[in-house]
Amino acid sequence: MSDMRSRMDASQLVIEHHQAVYRYAYRLTGSVHDAEDLTQQVFLTAHRKIGQLRKIEKARSWLFAILRNCFFREQGRRRPALAVDLSLNTDLLPMPPPAEGIDGDRLQYALNQLPDAFRLMVVMFYFEECSYREIAERLQVPIGTVMSRLARAKGYLRSIMFGVEHGPYKRPAGVATGERG
Amino acid sequence: MKDCVDEKLAAALHEVAVPEGLAERLLERLAGEPTWQDTELTVGNDQPAIPRFSWLRPRWSRRWLLAGSGLLTIAGALLLALWVGAGSGNTLSEAFVLDEAMRSFDMRADQVGHSLAERPAPIDYPFSFAVLPVRGVRWRPVAGGGFLGHNGIVYDLPGPAATRAVLYVVDAGTSAGFSAVPARHPFTTGGYCASAWRENGLLYVLVVQGAPATYRAFLNLPHGPVA
């Protein structure tokens with residue numbers, strides 16, 4: 001009886017949040033297979049640690065936090081950690097033709113070019129709709145670092161997605177000039 | 001603040017096709033996972049039972065719990081064996097005896113015992129031949145459950161310049177490793193000197209408040225070369 005109840009709890013999380021978790025995972029990994037593996041890892045971890053979830057309304061952000069941890073742990077196994085101050089020189093990147101809409105594949109291609117730390121911030125900002133401060137708190141980095149990385153990452157994404165027609169990207173407040181990669 | 005491009009990017013990021021059957025595969029995978037849980041039910045007076053979020057314990061927690069329980073059991077058994085052994089064997093070490101004697105030196109110090117001159121001590125616990133029978137010696141039974149669990153009496157010996165000395169005389173039990181006479185060079189600590197010895201099947205412990213010279217003033221040892 002109790003086993004059925006716990007499984008039902010974990011199952012509820014799957015039913016309600018598997019799509020969001022998968023999408024988040026896909027944007028981070030850039031691969032269908034890796035995203036599904038990561039999603040499964042997230043729910044298995046959630047299944048084991050479900051007692052840590054005190055408020056059901058926080059379930060989604062809790063799952064996303066697990067996802068981030070799983071992602072970084074997996075990335076750490078695959079290759080050494082990337083240098084956080086990796087500079088992005090958009091001038092050297094191939095410039096795709098301008099597009100009116102947003103091509104999902106091209107967006108993912110652009111995301112894949114970003115270092116993990118940058119890509120995660122982009123996904124947290126756009127997908128999870130976190131504020132700079134929330135990103136800084138959850139990743140335990142200075143908010144200035146978040147603003148700087150996001151500015152560079154967003155500039156890169158715009159240059160890939162929209163080309164030069166859209167002009168220079170709007171810098172987040174507080175980012176010093178000259179940070180544009 | 002997000003501009004129009006940001007909004008487009010945010011919307012595009014959410015546009016990801018979810019593989020078919022993903023939820024079913026996840027549920028199937030979860031169904032194969034063992035769970036250890038502590039389901040709590042909150043039941044109000046007139047309310048139906050409200051299932052609270054269950055608490056699942058990971059597999060390693062159970063292993064650690066078992067390992068911890070095993071270690072605790074072993075430790076408890078060892079402690080019990082040591083305690084039983086110490087209690088039943090009556091084996092006393094000199095260091096343990098001296099420590100206990102000095103620790104209980106001031107216990108019942110205010111208790112006035114019987115004057116040896118007026119009331120002889122029990123014949124089972126005679127005064128030691130190795131200690132000077134100074135004037136004014138008093139005796140009393142050992143306090144509480146005895147000295148180290150042994151029955152006996154305590155002789156209070158008045159000394160010069162208001163110094164005090166106490167001579168414990170208790171059943172020796174199976175104590176071993178004690179000399180036959182008090183040591184000339186006693187164990188000293190915290191302003192106390194003490195030594196223990198066996199005499200006629202009894203255990204004697206002399207504790208003197210003061211320096212070794214004061215301690216030696218209470219001894220009644222034959223003069224000769226110091227061992």
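The values are calculated or read from the model by the stated rules, or taken from the named source; none is laboratory data. What you see is a predicted model; the values in this text were computed from it and never measured. Every residue, glycine as well, gets a Cβ built from its backbone with ideal geometry; the counts of neighbours run over all protein chains shown. Ligands, DNA and RNA are stripped out before the accessible areas are found, and what is left, the full protein with its side chains, is counted by its heavy atoms. Shrake-Rupley method; radii C 1.70, N 1.55, O 1.52, S 1.80 Å.
Values as computed for the structure displayed
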| quantity | calculated |
| --- | --- |
| Solvent exposure, largest accessible area first (probe 1.4 Å, DNA, RNA and ligands not counted), of B:Trp64, B:Trp139 | B:Trp64, B:Trp139 |
| Peptide B:21-33 - average C-beta neighbours from other chains (10 Å radius) | 6 |
| Heavy-atom accessible area order for A:Arg119, B:Arg103, largest first, 1.4 Å probe | B:Arg103, A:Arg119 |
| Packing-based ranking, highest mean first, of B:189-197, B:177-185 given that Cβ atoms within 10 Å are counted | B:189-197, B:177-185 |
| Values of log10 I(q)/I(0), in the order q = 0.14, 0.26, 0.31 Å⁻¹, for segment B:123-164 under a Debye, Cα-only, solvent-free model | -0.38, -0.99, -1.12 |
| Rg ratio (alpha-carbon, reference 2.2 N^0.38 Å) - segment B:107-220 | 0.98 |
| Protein-only accessible surface order, largest first, of B:Leu30, B:Leu132 at 1.4 Å | B:Leu132, B:Leu30 |
| Angstrom value of the Kirkwood radius, inverse mean 1/r, which spans all Cα pairs in segment B:154-213 | 12.0 |
